[in-house]
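Since the structure comes first, as structure tokens, the remarks are kept for the end.
The values are calculated or read from the model by the stated rules, or taken from the named source; none is laboratory data. Since this is a predicted model, take the numbers as computed values, not measurements. Here the Cβ is made from the backbone with ideal geometry for all residues, glycine too, and neighbour counts use every protein chain on show. All accessible areas refer to the heavy atoms of the entire protein, side chains included, with ligands and DNA or RNA removed. Shrake-Rupley method; radii C 1.70, N 1.55, O 1.52, S 1.80 Å.
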Amino acid sequence: MKIKLLLLAVLVSTIAVFAQKKEIVFNVFFKDKNIGTIKAVRVVSGSKVSSDLRTNTDAKVFMMSIHVESEVSAVKEKGGLIQGTAYRHANRGSDDVHAKVVKVAEKSYQTQKNGKTGKIENKLIDVCVVDLYHQEPKGLNTVFSNMYADFLSVKALGAGKYQVTTPDKKDTFYSYQNGQLILVESNTPLGKVVCKRI
């Protein structure tokens, strides 16, 4: 019995040693004012990769206080998404999102966004928007968004810069240096939001 417990303890400590955690933080700017942060965390444990992206911002526009918080998570196993969630709450407007995607079979997923369900069939989800914070999308022309529960187009602009376009035609620009994300720029109806790596 003692030998089994000892082996179990060695196995657990070995797994813990091989789990790797990487965390990066971005400051969020609106009209040159720091309004919050984005934190991107990735944990790799064997063939399982868990990614989490949290945003928390506050800004004043035309004497109105605007608060937005969001969280996106993706869990992949052996290179393919097995589950993803997205949540966004904004105190103004209709931008609240509750979305989920779950793998139900090989290259088949069930999606749900704000109560509306859908399916993705005959397509592997291997790279999500949350992954763009940890890897440059070289050679990709689409990436999956847990927030939209849909694929977004990716266009390489050269010099490590990429344009990602949502189904509702909103553009976000990701800039990389030596393979690391250093800048994210989004155009909004109120103006440009810039996220700079700390």
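Annotations
- Tail weight of P(r) past 21 Å, computed on alpha-carbon pairs of the range 56-198, percent: 47 percent
- Using a probe radius of 1.4 angstrom, the carbon and sulfur fraction of the accessible surface of the range 58-198 is 49%.
- Proximal aspartates and glutamates relative to residue 119, as straight alpha-carbon distance under 12 Å, when same-chain residues fewer than 8 apart are discounted: 150
- Per residue, in Å², the accessible surface of the range 149-198 once ligands and nucleic acids are set aside, probe 1.4 Å: 56 Å²
- Charge dipole of the chain (Cα centre as origin; +1 on each Lys and Arg Cβ, -1 on each Asp and Glu Cβ, all else neutral): 300 debye, rounded to the nearest 20.
- Links that overshoot a 25 Å alpha carbon limit, given the list 155/196; 31/138; 116/138: 31/138; 116/138
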